[in-house]
Amino acid sequence: MIASVHAELLLICRRLSTWGLLALALTMGVLFNYVFPYVTYLDAAAGKRNPTDLARLLPAALVTTTVTTFPFYIGTFALILGVLLLGSEYGWGTLKTVLMQQPNRLRLLAARLIALAAVLVVYTLAIFAAMAVSSAAVALHEGANLSWPDAFDIVRALAAGGLILSVWGMLGVLLGVLWRGTALAIGLGILYGLVIEGLVSGFASSIDLLRALAHAFLRTNGYSLVASLGGRAGSVGGPGAFSGPFVGTWPALGVLLAYLVIFGAAAALLLQRRDIG
């Protein structure tokens, strides 16, 4: 099993798409969380600048600023990475060759999921590191103190971010296996997160049935989890905008863990039972 995991790690690390997605995720995170807000702050007249807007960009607010990006923006990149993990093998027609060398399908899936988890840990750490550098740059430019959050808060934020990325990544794996390819799986995954969850959540405040449905969504539980860490979900703009409904911290954690298991079990069942072609 160790040899299989090592082989899958080499495979996923040598793919240009793995690091291309990380580069895009880092760029988007820094732009939307630090560059654009800081430029907006500087463009305001000196007497009209809101100190709260600057405080959100300083190192002390690193956790609250960073964790908000995981439930949708960064989660989308994890979904794409998950789709590519197996969906690309269907598209290239190489899965049959792989299974000739490693006939145990569940063992193959387990090795790839471990490799995916390892890469998502790197994603999580890299995102926090990029945000930390950006916040430090803002603090140095403003002459502010480099006061960082407590280590315990950072560890909790890393764990929450890693869990959210894992759920989105596992959804991507399931879609890749379900549709035996990448294009349709990625399109449907983004459509689900952007349109279905976005529209239903938007109308949930006025329709009780939709509110109950929205409580089970990935973004609802993801934003609820980061809200317990101080994440400002309501301040997220663009396609990732979210203003509720929210659930409790422990229910959100339970739902995310349940989705992680359900998506993984469904992907394993499909891979084991269905023909490769």
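Taking θ as phi - 60° and the Karplus parameters 6.51, -1.76 and 1.60, the scalar couplings of the range 157-164 work out to 5, 4, 5, 5, x, x, 5, 4 Hz in sequence order, x denoting glycine and proline. Would you pull out the residues with amide H under 5 Å of SER205's amide H, same chain only if 5 or more places away, H placed 1.01 Å from N? It is none; the list stays empty.
Phi angles across the range 7-12 convert, under the Karplus curve 6.51 cos²θ - 1.76 cosθ + 1.60 with θ = phi - 60°, into 3J(HN,Hα) values of 5, 5, 5, 4, 5, 6 Hz, Gly and Pro given as x.
Estimated at 0.36 nm per residue, the fully extended path between ALA23 and GLN272 surpasses their Cα-Cα distance by 86.3 nm. Charge dipole of the chain (Cα centre as origin; +1 on each Lys and Arg Cβ, -1 on each Asp and Glu Cβ, all else neutral): 600 debye, rounded to the nearest 20.
By the beta-carbon count within 10 Å of each Cβ, the least crowded to most crowded order of TYR38, TYR223, fewest first, is TYR38, TYR223. Here the residues ASP153, ASP53, ASP43, ranked from fewest to most Cβ neighbours within 10 Å of their Cβ, fall in the order ASP43, ASP53, ASP153. Compute the separation of the alpha-carbon centres of the range 109-163 and the range 17-88 and state it in Å as a whole number. The two parts, judged by their Cα centres, are 11 Å apart. When the inverse distances between all different Cα atoms of the range 2-273 are averaged and flipped, the Kirkwood radius reads 19.5 angstrom.
Only the coordinates and a few stated rules stand behind these numbers; no lab work does. Predicted model, so just to flag it, every value in this text is computed and none were measured. Glycine also receives a Cβ, built like all others from the backbone with ideal geometry; neighbour counts cover every protein chain displayed.
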